[in-house]
Amino acid sequence: MSPTLGSLADWHAFEDQWLAPYAMRSGASRGRRHAEPLHPFRSAFQRDRERIVHSSAFRRMTGKTQVLVASVNDHHRTRLTHTLEVTQVARTVARRLRLNEDLTETIALAHDIGHPPFGHAGEDALNECLKQHGGFNHNLYGLRRVDELEERYPEFPGLNLTFEVRESFLQHCRKLDGPEAAEFRDSGSPLLEAQVVDVVDSIAYDTHDIDDALGLGFVAFDDLRDVELWQATVQKVRTNYPDLSGNPLRTAVVRELLAWQVNDLLEESARRLNQENIHSVQGVRSARTPLVGLSLRMELLKRGLEQFLRDRVYRHHRVLRMTANGKRILRMLFEEYVKSPELLPERQLSRWTGAGRNASSPTLPGRTMVDSLERVVADYLAGMTDRFAQQEYRRLFQPTIDL
């Protein structure tokens, strides 16, 4: 079923007809920080989706680590490919539950936009560097990125996304005590669309990390013999394809592992919505426990896989070497830029001094005129790709006269 005409009113009418009563309607959005005229045929969440995809931060995720530094080879996942996989699965779940697919897709596309280079090691390094300056969290940086740091419109800073998409950054990290969370603090529990992305992110992360670890030879099939979820999935595949082996078997098991968890997620979420008698967005906002999630049995199985990943993959010596080097690069760059801020590009330096092109528009709503030097440096580093951070390190710390 789809709208027959192309106006915004037609789309809103289609949403009212198709979406479940507990799904978020685009026409019911709490709006944007800076007023804009409505688009004649695109909904608010559709416009948000395009703004994310066209942002520089989204493009740079292609060069940012998921677990393994992006230069290892061309086959394992980067932050961008992980994001696209989460988005695809989240949309499938949203469609099956009759949630707002556009909002779900937008939240999924944006959910990792604030990750720094070198994965979680990079976040740990920046958090240590900013220990005396409020710390660093990739979700809060993602919100800053879309609220202030992206430069695409002359009328306002950032991307001017809707309240519901911006709120998802805070809900994802559950940090509602800081000043940046003031406008979201009283909104209640996360929307179902945000809850779907949160759970699917975890499912995709675990499933595809084990796939990459096997593909790169960090672990072997035999190493997973005590992981109940993996072994049960292997048995499912072998029932239908008894002669599979090698990479075809690995691919089939990973595919079945993902499908099994998604089916469980759909069944368990439907059960919770029915049990809690949820019939409105307000009911979702008032719920005290998550309404989207895995069954207890699947959750326990998934924990076993996650423990294996922590013990055997994330602490693999090759991963530890990469993360240690990534941390060292960011710490040294941070210290050098703070010590010698004149090394920063002019655009970054102007955020500290208050000079530059923003100074001519001091009344622009929401524009951060002057930030601490430490915060400016951390924001600059967080926006880098793995490759660019390594290039900057070589430029500053290895003998050369290259510009």
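The values are calculated or read from the model by the stated rules, or taken from the named source; none is laboratory data. Note that the structure is a prediction, hence the values are computed from the model and not measured. Cβ placement follows ideal geometry from the backbone for every residue including glycine, while neighbour counts extend to all protein chains displayed.
Pick from ASP177, ASP201: which is closer than 27 Å to LEU294 by Cβ and either assigned to a helix (DSSP H, G or I) or without any contact (Cβ under 8 Å) to a residue 24 or more places away in the chain (or both)?
Numbers: ASP177 fails: closer than 27 Å to LEU294 by Cβ.
Criteria check complete, one pass: ASP201.
Working carefully through the options LYS302, LYS327, find the one that is farther than 22 Å from SER202 by Cα, within 22 Å of the chain's Cα centre (by Cα) and at pLDDT 95 or above.
Working: LYS302 fails: farther than 22 Å from SER202 by Cα.
Answer to the check: LYS327.
Pull up segment 152-177, narrow it to residues that are under 20 Å from the mean Cα position of the chain (by Cα) and surrounded by fewer than 19 Cβ atoms within 10 Å (Cβ to Cβ), then point me to the one that is nearest to ARG47 (Cα to Cα). Step through it out loud before you land on a result.
Initial filter on segment 152-177 (under 20 Å from the mean Cα position of the chain (by Cα)): 158-176.
Then drop every residue that is not surrounded by fewer than 19 Cβ atoms within 10 Å (Cβ to Cβ), which leaves 163, 173-176.
On the way: PHE163: 13, CYS173: 24, ARG174: 26, LYS175: 26, LEU176: 26 Å.
Per the criteria, the residue is PHE163.
Criterion first (within 25 Å of the chain's Cα centre (by Cα), assigned by TED's automatic domain parsing to the domain that holds ASP211 and not in a loop (DSSP other than H, G, I, E, B)) does GLN261 satisfy it?
yes
Find all pairs meeting these conditions: Cβ atoms under 6 angstrom apart; at least six residues apart or on different chains; first residue within segment 325-340 and among the acidic types (Asp, Glu); second residue in a helix (DSSP H, G or I).
Partner pairs satisfying both residue conditions: GLU336/LEU396.
Taking segment 101-118 as the search range and keeping residues that are of a type in the set (A, V, I, L, M, F, W, C) and assigned to a loop (DSSP other than H, G, I, E, B), which one is farthest from the chain's Cα centre (by Cα)?
First, the residues of segment 101-118 that are of a type in the set (A, V, I, L, M, F, W, C): 103, 107-110, 113, 118.
Retained after the next criterion (residues that are assigned to a loop (DSSP other than H, G, I, E, B)): 113, 118.
Working: ILE113: 6, PHE118: 15 Å.
Looking at residues that are of a type in the set (A, V, I, L, M, F, W, C) and assigned to a loop (DSSP other than H, G, I, E, B), I get PHE118.
Restricting attention to segment 88-114, and to residues there that are crowded, with 24+ Cβ neighbours inside 10 Å and either touching a strand residue (DSSP E or B) at 6+ places or on another chain (Cβ under 8 Å) or polar (S, T, N, Q) (or both), which single residue is farthest from VAL377 (Cα to Cα)?
Among those residues, the one meeting the criterion is ASN100.
Each row is one residue, and each column tells you yes or no for (1) modelled with pLDDT of 95 or more; (2) of a type in the set (D, E, K, R); (3) not assigned by TED's automatic domain parsing to the domain that holds LEU216.
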residue	(1), (2), (3)
HIS76	no, no, no
ARG79	no, yes, no
GLU85	yes, yes, no
VAL93	yes, no, no
ASN100	yes, no, no
HIS111	yes, no, no
ALA121	no, no, no
LEU126	yes, no, no
VAL146	yes, no, no
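Suppose we filter segment 121-151 for residues that are of a type in the set (D, E, K, R), part of a helix (DSSP H, G or I) and over 17 Å from the mean Cα position of the chain (by Cα); how many remain?
Kept after step one, since they are of a type in the set (D, E, K, R), are these residues of segment 121-151: 123-124, 128, 131, 144-145, 147-148, 150-151.
Narrowing further to those that are part of a helix (DSSP H, G or I): 123-124, 128, 131, 144-145, 147-148.
Add one more test, that the residue is over 17 Å from the mean Cα position of the chain (by Cα), and what stays is 128, 131, 148.
Adding up the residues that qualify gives 3.
Say whether the condition of being surrounded by 21 or more Cβ atoms within 10 Å (Cβ to Cβ), among the acidic types (Asp, Glu), out of contact with any Cys (no Cβ under 7 Å at 6 or more places or on another chain) and at pLDDT 90 or above is met by at least one residue in segment 35-43. Even if it seems obvious, please write down each step before you answer.
Here is the first cut: in segment 35-43, the ones surrounded by 21 or more Cβ atoms within 10 Å (Cβ to Cβ) are 43.
Of the ones still in play, those that are also among the acidic types (Asp, Glu) are none.
So far as segment 35-43 goes, no, none of its residues is surrounded by 21 or more Cβ atoms within 10 Å (Cβ to Cβ), among the acidic types (Asp, Glu), out of contact with any Cys (no Cβ under 7 Å at 6 or more places or on another chain) and at pLDDT 90 or above.
When segment 44-61 is examined, which residues are found to be among the β-branched types (Val, Ile, Thr) and either buried (at least 22 other Cβ atoms within 10 Å of the Cβ) or touching a strand residue (DSSP E or B) at 6+ places or on another chain (Cβ under 7 Å) (or both)? Give the derivation first.
First, the residues of segment 44-61 that are among the β-branched types (Val, Ile, Thr): 52-53.
Correct list: ILE52 only.
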